[in-house]
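Contents: one structure, followed by commentary.
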Amino acid sequence: MRDTSAPPPILEVRGLDKSFGGIHVTRRVSLALAPGERRVILGPNGAGKTTLFNLLVGELRPGAGEIVFLGQPITRLSVPARARLGIARSYQKNNLFEELTIRENLALAAAASLGDTRSFFRDCFRNPELRAIVDEVAEQVFLTEILDTEVRNASYGNRRQLEVGIALAARPKLLLMDEPTSGVGPGMIEGFNRMMQALPRSLSMVIIEHDMDLAFDVADRITVMNQGEVVFEGAPAETRDNATVREIYLGDWQGHA
Amino acid sequence: MFRQTPIRTGAGIALIAGLAIHASRGGYFDREIVIEIAILAMLAISLDIVAGFGRMISLCHGAIFGLAAYGYGTAIVKFGLPPSTGLVIGIALAIAFGALVGAICAGTVGIFYIMATLAFGQIAYVLIFESRWLGGDDGMTGVRRMDLSLIGLNMRDSLTFALVCLAVLVLVYIAAAVVLRSSFGRTLSGIHANEARMRAVGINTRMHKTAAFAFSAALAGIAGVLKAQHTMFVSPELLFWTLSGEVLIIVILGGIGTLIGPAIGATLLVLLKHEVSHYTVYWHVVVGAVLILAVLAGGRGLFGEFEYRLARWRARRRARRGTGGAADA
Amino acid sequence: MSGSAVFWITQLLNALQYSMLLFLLSIGLTVIFGLLHFVNLAHGALYAMGAYIGISLALRTGSYWVALVLAPVAVTLIGVVLYLLLIRRLRHAGPLSQVLVTFGLIFVFLDVIRILWGDIALGMDPPAALRGMTSIFGVRYPTYRLFIIGMGILIMVVLLVTLARSQIGAMIRAGVENDQMAACLGINVERLFFAVFCLGCALAGLAGVVAVPVLSATPGMGTDILIPALIVVVIGGLGSLHGAILGSFIVGFMATIGAVLLPGINSVLIFAALAAILVFRPQGLIPARG
Amino acid sequence: MQSIHGKVLAAVAAVTIVGGVGAAGAQTKVGVLLPYSGVFAALGQEIDDGFVFALEEAGRLDEFTLIREDTEVRPPEGLAKARKLVLQDEVDLIMGIVSSGVLAALRDFVTDSEVPLLVANAGEDSSTGENCSPYVIRVSFSNSQVNRPMGQWLYDQGYRRVYTLAPDYAAGQQMIATFRAGFEAAGGEIAGSEFTPFGRTQDYGPYITNARAAEPDAVFVFYAGSEAIAFVRQYDSFGMKEDIPLFGSGFLTSPLYVDAQGEAAIGVVASLHYVPTIDTPENNAFVEAFRARFDRTPSEYAVQGYDAGQVLMRALDAGADDRASLAREMPRVSYTGPRGPLEIDPLTNNIIQNIYVYDTVSDGAGGLTQEVLDVIERVQDEPMGCTLGQ
């Protein structure tokens, strides 16, 4: 039972099951995220982490289980409906507006968050509120200098930053980041660390991350998944010492560290 | 993302001015050609909105166009309503059909979208073709033009009609440009660039695409109503899928996603067809070859290619100037 | 046998015959899409070329059978030229470019046929051995139409067995499922694609020459048959061989039985079926992949 | 290859004719409005050849300026071209029109602009019926006219139950309605009737099977062009011809494409306003001259073009020299030509002519020819709502 004095969780997942053709990708996954919490999910490839994200944002429908966000069940809501409630995600593989500039990429997400997408006359790109969001997010993800570069001409690292930037520009209450540092060189990981540390504490985050140093730096708590199941949950310090975690995973991350 | 660049404005003004001069100085047939160009250009612009800015390759814009023409004609011929009411009915019919098809097809993509719109367009065609009440394949005669004598326009005069069509073309272009530059249009361009990501940031893309299709249908409807007034006659060919294909060709030849390109493409195709048919009855082979070459050349179309080269030239010049340290004017 | 039984058996044979013609045509269309991801609207034009070349060959040689063998070969050669000049370049160009280029080809072939063979429709007699009627299930039915049914079934069985049992069938299945994976398995994907493309063209040409004695040949015949063929492959599942078979039967039977029972709305019916499939089950009844 | 040759010749002729404008004093400008591309292109060329042949034969080609425009098969295109001919080229008359849809589209325009339209094919009934016009003069036929006698004729031959088939469009519906009225008036019974989707039917097997199931004495159909070729062949392949004889409006086995039907056409009986085997001095001379010039047998379309030329020249000879006088004089022309005596009905501006019932027979040399079975003389269409005579 939860401590009644603690604030209610921003996100609660109960018994989430998903299978493709008889193969379980997630199995009875449950977790609760406190407001402002930064949760890192660890696990080997194929553990079901990205599938969990897809279930959370609605790109997949679970076979069983329930998702509650801000006290409201959202299991049956569509992707855009969940996004409007305040869930945003970034993708492991870049999923950007390739033919547009970085500014336009951020502006589209900002316009969506402001609900300024329906007018047939007014141009949301001239909306000062939107411009403020774009400028702020650009600073948060270190893209201010190259806002008018087209995405297809931007470097891979910049695209990874933009990947997070689009999610941020959607002004989420809950940010899901799927391996933000995937594929970037070791030199840039420190930058991502700074970027995440600098994000407002009020923003709740779930991060799938393979870089252990970054994970332990950022995380308030860590969830470890294996073969579709949550096998461990605890503070970063406990994680290194947990026997199960060591057994399935540690060898791998020692290599990283 | 749509930008009304000075180049586009200039090209648009030059095109309209050229057509207007051609109409006023040329003979009767030149005016007919200008009218045909103007109406096809409207239809092509309307198709470019969905195809070039929303990734919805429609093969039913001919059907929308034809339905509006029939709506206008039926209101006048069968119900004896005044042409102004016919205008409203025609455009409303186009919007209703567009919204319906747009909503149903919004979930499909790529070749499936093309096929689905083709199917709905053909259903409309077959129903009209087989309706004896609407005259079946013989079509419907007795469609009057609007009476604009109150504002001093004699619509039966071919020059006046041609100039009215050009004016409407300008309005259609402006409407399209305004909407594409609006919040709605920006979001549509976002869907064009990456529909999944737009959903992920909270856009109900199905509704958005449906609304865009309905807006495009409204413009196609305006073109259809003008077509009915131009020929003063409607027949089922207006709805046949090959017209939709022809409009798609126009959009591609002119430059998809450039908005002014399709208007240029309409001019090009109509002139090409008329020039070629002076020399041979086998104009299909010429149009087909031009289309194939246009796609093989990169598919940017005439105006798109021009903009592309201009942009590259400017970038190179900027780079040269940059290294040379000279200040840009 | 009662009159009504004779009637229905005849109508079922009619439906079967039309289904087989659609099958021959749509099989190439669908497999080319499944493997090459290429939408070939000019497939109908190849069918028309098969018909016209067949007529010319039959006239020149005096033998239908020579035409039956050589016309598909000639159409395949045309297909090879198209493949080398256009299709190979457009494989990854996206559906819009493919639709447009092959739409352009429809225009080109239309006029080529008009220039070479004129505007007036042409007919061709079935070979002497296949003229007249044959009794089957106690019903007298045109022998040539039975020949079409038989040929369709033969080709269907050969394709199904090849696909299910042979090594090349396994390669094609792998290619449809996932061409990158197929490439990893050491399959020469390009050569496989080319072979399948040629087979599709040959079948289109065969469909043309087989159809002529029944339908006659017009310059627009390729465009006329294109839409039913597209409906077949979409209903069945774009890229799916089994889907094309099912789709052929559905469209063939709907057209025939619709003509008997619902003559008024017959032509809308098929488009409505297409629209319903596209909206509710866009992958088709038998999807090509998993 | 022949047709290309013909086209080249025609094109050359057109250029030289246009080049000659202004040379002669009283040139008559003729807008020739025909389909030169699309499914009716062959018919358009045939009419064009016949028309030019009439002027050539009379040695009067240089009196005319011919301005050709292609209607395709699209009424809006036809109307646009007609407007161009009238308003820009200022032609004295328009000759041509193959498809009924184009004629229907043009009717109001030529009437309003008072330009005579000499119809050389399109059979659409209402243009010489309820929507008749003093400016629309038809020298070809009307859909009802070619079928009108057939109902009675079939009844007289002893047929009592007839099944009908036609494509589902205006001409098909008109043809069948007229036949049906005549046949029922004579006392016959329609055993069943179906309309096949136009342009989307390639296989008539299901319809032929339906017809057989109705057990009629005979089948009467209207099909033209490629549909006719497919239908006649398929009817024969089902062994129907032996059991249930096939009758039709003459376009079913038109000499223009009967060769494409082959033996399947043998024995099919149809009615038409012209067949090349009419044995009159006028026709024999015409066929011989036409063959010498074009190396093929003239079809009814060629004769329609030829008679259009004759009517035009005779109207000019009678003193017509502008649009109004042409519209007045052309309906007054009467003469005996290849298809027999020909006059224009003052009540409707439609032609009055003989209708020939013929069957297609082998010519003994591997080809096909037409054998005239019966002539119904001076068939005059009913006014059908036309008020020209009042």
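For region D:269-325, residues that are closer than 27 Å to D:Leu93 by Cβ, free of Cβ contacts under 8 Å to residues at least 12 places away in the same chain and not hydrophobic (A, V, I, L, M, F, W, C) total 3. Of the candidates C:Leu105, C:Leu154, the single residue that is within 22 Å of the chain's Cα centre (by Cα), modelled with pLDDT of 85 or more and exposed (fewer than 14 other Cβ atoms within 10 Å of the Cβ) is C:Leu154.
Residue-level check: of (1) modelled with pLDDT of 90 or more; (2) surrounded by 22 or more Cβ atoms within 10 Å (Cβ to Cβ); (3) outside any strand (DSSP E or B), A:Val230 misses just (3). Any residue in region B:34-47 that is more than 23 Å from B:Trp241 (Cα to Cα) and more than 11 Å from the chain's Cα centre (by Cα)? Within region B:34-47 (the criterion being more than 23 Å from B:Trp241 (Cα to Cα) and more than 11 Å from the chain's Cα centre (by Cα)), the answer is yes, since at least one residue qualifies. For region D:57-76, a residue qualifies if it is without any contact (Cβ under 8 Å) to a residue 24 or more places away in the chain and either farther than 23 Å from D:Asp317 by Cβ or within 8 Å of chain B (Cβ to nearest Cβ) (or both), but none of them does. When C:Phe23, C:Phe33, C:Phe38 are screened for being closer than 16 Å to C:Leu199 by Cα and touching a Lys or Arg at 6+ places or on another chain (Cβ under 7 Å), only C:Phe38 passes. Entry remark, region B:243-282: residues being within 13 Å of another protein chain (Cβ to nearest Cβ), not hydrophobic (A, V, I, L, M, F, W, C) and not in a helix (DSSP H, G or I) number 3 in total.
Just one of the listed residues (A:Leu162, A:Leu147) is crowded, with 17+ Cβ neighbours inside 10 Å, modelled with pLDDT of 90 or more and hydrophobic (A, V, I, L, M, F, W, C), namely A:Leu162. Looking at region C:77-193, the helices (runs of 4 or more DSSP H) lying wholly inside it that each contain 2 or more residues that are touching a residue at least 60 places away in the same chain (Cβ under 8 Å) and under 30 Å from B:Leu269 (Cα atoms) sit at C:94-117. Selection within region B:22-47: residues that are more than 12 Å from chain D (Cβ to nearest Cβ) and free of Cβ contacts under 8 Å to residues at least 24 places away in the same chain. The member of this set that is surrounded by the fewest Cβ atoms within 10 Å (Cβ to Cβ) is B:Arg25. Checking each residue in region C:253-287 for being crowded, with 24+ Cβ neighbours inside 10 Å, more than 10 Å from chain B (Cβ to nearest Cβ) and within 18 Å of the chain's Cα centre (by Cα) picks out C:Ala255, C:Thr256. If D:Arg212 satisfies all but one of (1) of a type outside the set (A, V, I, L, M, F, W, C); (2) within 20 Å of the chain's Cα centre (by Cα); (3) buried (at least 19 other Cβ atoms within 10 Å of the Cβ); (4) more than 7 Å from chain C (Cβ to nearest Cβ), what's the number of the condition it fails? Result: D:Arg212 passes all but (2).
The rows are residues; the columns are (1) facing another protein chain (nearest Cβ under 9 Å); (2) without any contact (Cβ under 8 Å) to a residue 12 or more places away in the chain; (3) under 15 Å from A:Pro172 (Cα atoms).
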{"position": "A:Gly43", "(1), (2), (3)": "no, no, no"}
{"position": "A:Pro80", "(1), (2), (3)": "yes, yes, yes"}
{"position": "A:Glu98", "(1), (2), (3)": "yes, no, no"}
{"position": "A:Arg118", "(1), (2), (3)": "yes, yes, no"}
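A:Asp123 satisfies every condition listed in (1) modelled with pLDDT of 95 or more; (2) over 20 Å from the mean Cα position of the chain (by Cα); (3) facing chain B (nearest Cβ under 9 Å) except (1).
For C:Ala93, indicate whether it is among the hydrophobic types (A, V, I, L, M, F, W, C), more than 30 Å from D:Phe40 (Cα to Cα) and either within 14 Å of chain B (Cβ to nearest Cβ) or over 21 Å from the mean Cα position of the chain (by Cα) (or both). So C:Ala93 fits the description; yes. The condition of being without any contact (Cβ under 8 Å) to a residue 12 or more places away in the chain, under 24 Å from D:Ser271 (Cβ atoms) and not assigned by TED's automatic domain parsing to the domain that holds D:Gln310 holds for only one of D:Asp359, D:Asp374, D:Asp363, that being D:Asp363. Among the candidates C:Leu21, C:Leu25, C:Leu13, C:Leu29, the residue that is part of a helix (DSSP H, G or I), surrounded by fewer than 24 Cβ atoms within 10 Å (Cβ to Cβ) and touching a residue at least 40 places away in the same chain (Cβ under 8 Å) is uniquely C:Leu13. For C:Leu122, are the conditions met, namely being within 14 Å of chain D (Cβ to nearest Cβ), surrounded by 14 or more Cβ atoms within 10 Å (Cβ to Cβ) and at pLDDT 85 or above? Yes: the conditions hold for C:Leu122.
Only residues that are more than 19 Å from B:Phe2 (Cβ to Cβ) and assigned to a helix (DSSP H, G or I) were counted in region A:110-130, giving 4. Here is the figure for region D:236-246: residues that are without any contact (Cβ under 8 Å) to a residue 24 or more places away in the chain and assigned to a helix (DSSP H, G or I) total 1.
The values are calculated or read from the model by the stated rules, or taken from the named source; none is laboratory data. Everything numeric in this text was worked out from a predicted model, so none of it was measured. Using ideal geometry, Cβ is built from the backbone for each residue, glycine included, and neighbour counts are taken over all protein chains shown.
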